[in-house]
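The numbers here are math on the coordinates, done by the rules we state, and not lab data. Just so it is clear, the model here is predicted, and its values are computed rather than measured. Reconstructed Cβ throughout: ideal geometry from the backbone, glycine too, with neighbour counts over all protein chains shown.
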Amino acid sequence: MLDLDLPLIAAPMAGGPSTPELVAAVARTGAGGFLAAGYLTTDAVAAQLRRADELARGRPFGINLFVVEEAPIDDAELQRFAAALEPYACEVGVELAEPRFDDDAFAAKLELVLEERPAWVSFTFGCPDAEVFAALRERDIVSAMTVTDIEEARLAADRGADVLVVQGPEAGGHRGTLRQDVWPSDTPLTDLLRDIDAIGLPMVAAGGIATRADVRRALDHGARAAQIGTALLLADEAGTNPTHRAALRSDEFDTTVVTRAFTGRPARGLANAVARLDAPAAYPQLHTMTSAFRRAAASRGRADLTHLWAGTRYREAQSGPAAEIISALVP
C-alpha cells in the first residue's frame, strides 16, 4: 500500500465526496486513492469499484469499510435530542426518521472486496477479527486500520492489520475511535505518530494535513505517507455537495467543532447551529434518524443545519483538478 510514487493518499470520505473519478485522478498521479463504501448499497459499491478500476488505468487504489458494532444507547437521551432537533427539521419540511441500527452491510461488502480484490482495504469504527485480516492477506489485499490512540493501534496489530492509519484530532469528519461513548483524545497528530511508531507497523498520517509543509512534518514524524481529506473537498472530481462547497469558502463560518449532533459519533465539521447541540452517543441510530433531514437541509442551501465535515486546516483547501491539488502537496 505504501509503495507509491508519491507519499500521499486520498482519504475515503463517505456520503458523497469520494467518487471513482476523484480516486482514479489521484491514483493516476502516483499517489493512492480510497473509495468510501460507507452508506452505499453493496451494488453501488461494486459499481464504484469497477468504475474506479476503469478510470485508474492500471494504478492501484483501495476501499474503506465501516465496522459497525451494536452498542447500548440511552433511548431517553436520544428522544430528548430528537425533540430539540424537531424544529430544525420542520424548517426544511421533513420529519425525523425512526432511529434504527444498521451494520452498513459489512459482511456483504467484505465478501465483495474479497471477490473484486482491490489493492487495499481499510477499516474504520471497529476492528475486524483476525480471520478477516488473514482472509485479505490470502488474497494479497493489503489491510489498514484507522486508529486514534496507542491501545487501538495495539489491537489492530494483534489482529493482523498490515498498516495503521493514525488519525489525529485535527481530522475532518468522523473520528475513527472504536468506542463512540468515549470522547476522542486531543493528542496532536505528531505526538500520536511518535507514540504509535513503537508498534512497528507502517503508518499513514491523517488529520489537518493541508500543505506541503504539513506533509513533510508527518513524514518527519515517522509516517510513510500522508492521508489527504479536507484538502480534496473542493477538487473538481469530488462529489462534495454545493452547500458544503460554498460553506468551505464562506466567511459565515470561522471555526470547526467536534460534535455528535449529526450522527451520534464524534465528527469534526464547521460550527453551525446544529453542530453546537449536545447529542448522545448513539451511532448509527442517530445517523439514520437525521439522514433525510440533513439531505433536505443541504438541498435547500441551509448550511446552518446540515453537516459540513471539515478539518482544522479547511481554509487551505483549494479548488481545481485533483492532480493539481496533489502536485502542490508533494514534499
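Using θ = phi - 60° in the Karplus curve 6.51 cos²θ - 1.76 cosθ + 1.60, the 3J(HN,Hα) couplings for the range 23-30 round to 4, 5, 4, 5, 4, 5, 7, x Hz; x is entered for Gly and Pro.
Can you give the FRET efficiency to the nearest 0.05 for GLU116 and SER250, using r as the Cβ-Cβ distance and R₀ = 41 Å? With R0 = 41 Å, the Cβ-Cβ based efficiency is 0.55.
Scanning residues 5 or more positions from HIS174 or on other chains, those with amide H under 5 Å from its amide H are ARG268, with H placed 1.01 Å from N in the peptide plane. For the range 114-245, a crude dipole built from +1 on the beta carbon of Lys and Arg and -1 on the beta carbon of Asp and Glu, taken about the Cα centre, is about 320 debye to the nearest 20. Largest mean-square fluctuation among VAL113, VAL94, VAL147, in a Gaussian network model of the chain whose springs join Cα atoms under 10 Å apart, belongs to VAL94. For the chain, the dipole from Cβ point charges (+1 on Lys and Arg, -1 on Asp and Glu) about the Cα centre works out to 900 debye, to the nearest 20.
Find how many whole Å separate the alpha carbon centroid of the range 259-331 from the alpha carbon centroid of the range 210-249. For the range 210-249 versus the range 259-331, the Cα centre distance is 14 Å.
Proximity of backbone amide H atoms, modeled 1.01 Å from N, is registered between ILE63 and LEU35, TRP120, VAL121, SER122 at under 5 Å, excluding neighbours fewer than 5 places apart on the same chain. Taking 0.36 nm per residue of separation and subtracting the current Cα-Cα distance, fully stretching the chain between ARG51 and VAL330 would add 97.8 nm. Computed over the chain, the per-residue total of -39500 (n - 2.57) for DSSP H runs of n ≥ 4 gives a 222 nm mean residue ellipticity of -11000 deg cm²/dmol, rounded to 500. For the range 182-331, a Kirkwood radius taken over Cα pairs fed into Stokes-Einstein (20 °C, viscosity 1.002 mPa s) yields D = 129 µm²/s. Taking every DSSP bridge with both residues inside the chain, close to 20 percent are antiparallel.
Of SER319, SER143, SER250, the residue with the greatest mean-square motion in the GNM of the chain, using alpha carbon springs below 10 Å, is SER250.
Measure nothing fancy, just the Cα-based angle from helix 75-91's long axis to the longest principal axis of the chain, in degrees from 0 to 90, nearest 10. Around 80 degrees separate the two axes. Given R0 = 22 Å, the distance between the Cβ atoms of ALA97 and ALA44 translates into a calculated FRET efficiency of 0.65.
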